[in-house]
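Just so you know, all these numbers are worked out from the coordinates, no wet-lab data involved. Predicted model only: the values in this text are computed from it and were never measured. Neighbour counts are summed over all protein chains in view; Cβ atoms, including those assigned to glycine, are modelled from backbone coordinates with ideal geometry.
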Amino acid sequence: MSELAFYKTLLIDIKQRIRQAQTKAILSANSELISMYWDIGKMLVEKQKVAGWGAAVIPRLSKDIHNELPEIKGFSERNIVYMIRFAREYGTSILQQAVAKLPDQALLTGIPCCHHCLLIEKIKDVQVRLFWKMSRGEGVGDE
């Protein structure tokens, strides 16, 4: 193999490895964001039950997060409502069922949050929604 051919092969292999690492980093970050959104939604659902909070807390929370963490995006009133809905829709029992079917929470964390919001809007039955994701291979770690 010539030196030029060897170098071209090396460059192709390195570029492929870089792309794999980028993909894994994006999926890892998305997984953590989905988990955080679910945790925040769960916290809010629990506080609403205990303290009887209504919807008036959401605008205040959104504003306070923006004021105290101005560099952080994604905590608009609408997104906070989605976090609450996400936690309600995918309660603990649903998460346990999903995890039982897969090696980890990839079913829920493997797709972007905006896709979850769309699925929640379009498919009302949670079991059908989970089946839809699994049958299309979404969130099962295909790289």
Quiz item: So between Asp64 and Leu4, what do we pick up on full extension, going 0.36 nm a residue minus the alpha carbon distance?
Solution: 15.8 nm
Quiz item: Going through the stretch 1-76, which GluC sites (Glu not before Pro) have at most 14 other Cβ atoms within 10 Å and a DSSP loop state?
Solution: Glu71
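With 32 Å as the limit, write out which pairs from Lys73/Lys122; Lys24/Lys73; Lys15/Lys42; Lys15/Lys124 have Cα-Cα distances beyond it, or answer none. Can you show the working numbers first?
Values: Lys73/Lys122 25 Å; Lys24/Lys73 22 Å; Lys15/Lys42 40 Å; Lys15/Lys124 42 Å.
Long pairs (Cα-Cα over 32 Å): Lys15/Lys42; Lys15/Lys124.
Could you list Phe86, Phe6, Phe75 in order of exposure, starting from the residue whose Cβ has the fewest other Cβ atoms within 10 Å?
Values: Phe86 22, Phe6 10, Phe75 18.
The fewest-first ordering by Cβ neighbours comes to Phe6, Phe75, Phe86.
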Quiz prompt | Sequence of Ile123, Ile34 once ranked by neighbouring C-beta atoms within 10 Å, starting from the fewest | solution = Ile123, Ile34
Quiz item: Tell me, in nm to one decimal, what length is gained between Leu33 and Lys124 on full extension, where the rule is 0.36 nm per residue of separation less the Cα-Cα distance?
Solution: 30.5 nm
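What list do you get for Met1, Met83 if you sort them by fewest beta carbons within 10 Å?
Details: Met1 8, Met83 25.
In order of increasing Cβ crowding within 10 Å: Met1, Met83.
Please say if the stretch 1-91 is rounded, prolate or oblate, where rounded means a/c under 1.5 for a ≥ b ≥ c the square roots of the C-alpha gyration tensor eigenvalues, and otherwise the choice is prolate for a/b larger than b/c and oblate otherwise? Present the calculation step by step, with values, prior to reporting the outcome.
Values: a/c = 6.15, a/b = 3.13, b/c = 1.97.
Prolate, since a/c reaches 1.5 and a/b exceeds b/c.
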